[in-house]
Amino acid sequence: MDVDSSKKCCSFCGEQGQTGKPLVGGLGAFMCGDCVDYYKGMLDAVRDTGVVAPPPWETMSDADVLGKLSLITQTGDQVDAFLVEWVQLARSRKLSWAEVGKALGISRQAAWERFARSEVPAADAPDRQLGSA
Ligand SMILES: [Zn+2]
């Protein structure tokens, strides 16, 4: 699994990660230090005052909103890549396509069709052929 921050982006602001400047997170979502500080302050303020600040998009210009679209796509791509990495992890543990499919709420065949191309080939993989579990 790739843990190099320079290949990831903050899921909250879109900032590209940098080597030596880690992003924190999990399950495909990552957060930069600036966003950790910002959102911690926001949560602290809610705890202290009980007042929830309006979401940031309410004060954005149309250009700002349009500028976020590519960042949202980038975050979606990152989540998709994270899912592939986790399926590869499951497969490296010899979990079957049926188990992967069940966990994702899809059929064994649908899991295989979606993820088998990204699987690192293993000569001894027992179910590399469609139809075996
Ligand atoms: Zn950020």
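Read the figures in this text as sums done on the coordinates, not as results from a lab. Worth saying up front: this structure is predicted, and the values here are computed from it rather than measured. All Cβ positions, glycine included, derive from the backbone under ideal geometry; neighbour counts span all protein chains shown.
For this structure, a couple of remarks:
- Filter pass, F12 being over 19 Å from E85 (Cβ atoms), buried (at least 18 other Cβ atoms within 10 Å of the Cβ) and not charged (D, E, K, R): yes
- Test result for R47, in contact with a Gly (Cβ under 9 Å, 6 or more places away or on another chain) and not hydrophobic (A, V, I, L, M, F, W, C): no
- Flag for L69 being more than 16 Å from the ligand (Cβ to nearest atom), among the aliphatic types (A, V, I, L, M) and under 30 Å from E119 (Cβ atoms): no
- Residues being touching a residue at least 12 places away in the same chain (Cβ under 8 Å) and within 24 Å of S92 (Cβ to Cβ) - total across the range 24-43: 5
- Being within 16 Å of the ligand (Cβ to nearest atom), at negative phi, part of a helix (DSSP H, G or I) and basic (K, R) is a description that does not apply to K102.
- Residues satisfying the stated conditions in the range 26-53, i.e. closer than 30 Å to V87 by Cβ and within 10 Å of the ligand (Cβ to nearest atom): F30, M31, C32, G33, C35, V36, Y39
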